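The values are calculated or read from the model by the stated rules, or taken from the named source; none is laboratory data. Everything numeric here is computed off the predicted structure, so don't read it as measured data. FYI the Cβ positions are ideal-geometry reconstructions off the backbone, even for glycines, and counts take in every protein chain you see.
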Amino acid sequence: MTIRVDRMREQVRRELARVIERGDIRDPRLQGIISVTDVELSRDLQYGTVFVSVMNADAAPVIEALNHAVGFMKGSLAKALSVRYVPQLRFKEDTSFAYGNHIEGILRSLDIPAESPEG
């Protein structure tokens, strides 16, 4: 990734998190704690995938509501960022935390005897 793409990724992530946190999107499907965890942008900055983590609620309706509000969020990004084109966004659930918890559970379930200190 180039510095330009990385900088834009962080700006988009920060602004989208701010819009979601402020409650600017009025949709009853937006429930629970919603965190924007990462943004992936194409090299030409035309397309972006926004990864969202949802806690204390079902993620599917939240992702659907966010994808429905893409036009509003693009407008907010256009006002906040000084760019010619705002990327076309799509939202996806970030499953990395669930995967990490799954792996941690597997590791904890292994029957490995503790090492004794040598001395």
With (1) in a strand (DSSP E or B); (2) of a type in the set (Asp, Glu); (3) surrounded by fewer than 14 Cβ atoms within 10 Å (Cβ to Cβ) as the list, and residue 44 as the residue in question, which single condition is left unmet?
(1)
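Conditions (1) under 18 Å from residue 89 (Cα atoms); (2) without any contact (Cβ under 8 Å) to a residue 24 or more places away in the chain, marked per residue:
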{"site": "17", "(1), (2)": "yes, yes"}
{"site": "23", "(1), (2)": "no, yes"}
{"site": "29", "(1), (2)": "no, no"}
{"site": "32", "(1), (2)": "no, no"}
{"site": "37", "(1), (2)": "yes, no"}
{"site": "40", "(1), (2)": "yes, no"}
{"site": "43", "(1), (2)": "yes, no"}
{"site": "47", "(1), (2)": "yes, no"}
{"site": "57", "(1), (2)": "no, no"}
Of all residues in segment 51-106 being surrounded by fewer than 16 Cβ atoms within 10 Å (Cβ to Cβ) and hydroxyl-bearing (Ser, Thr, Tyr), which is nearest to residue 19 (Cα to Cα)?
82
Is it the case that segment 99-119 has a residue that's part of a loop (DSSP other than H, G, I, E, B), without any contact (Cβ under 8 Å) to a residue 40 or more places away in the chain and in contact with an Asp or Glu (Cβ under 8 Å, 6 or more places away or on another chain)?
no
Has segment 3-17 got any residue that is assigned to a loop (DSSP other than H, G, I, E, B) and either among the basic types (Lys, Arg) or modelled with pLDDT of 95 or more (or both)?
no
If I go through segment 72-98 residue by residue, how many of them are in a helix (DSSP H, G or I) and either modelled with pLDDT under 85 or farther than 21 Å from residue 24 by Cβ (or both)?
3
Please go through segment 99-119 and pick out each residue that is of a type in the set (Gly, Ala, Ser), farther than 30 Å from residue 60 by Cβ and modelled with pLDDT of 80 or more.
none
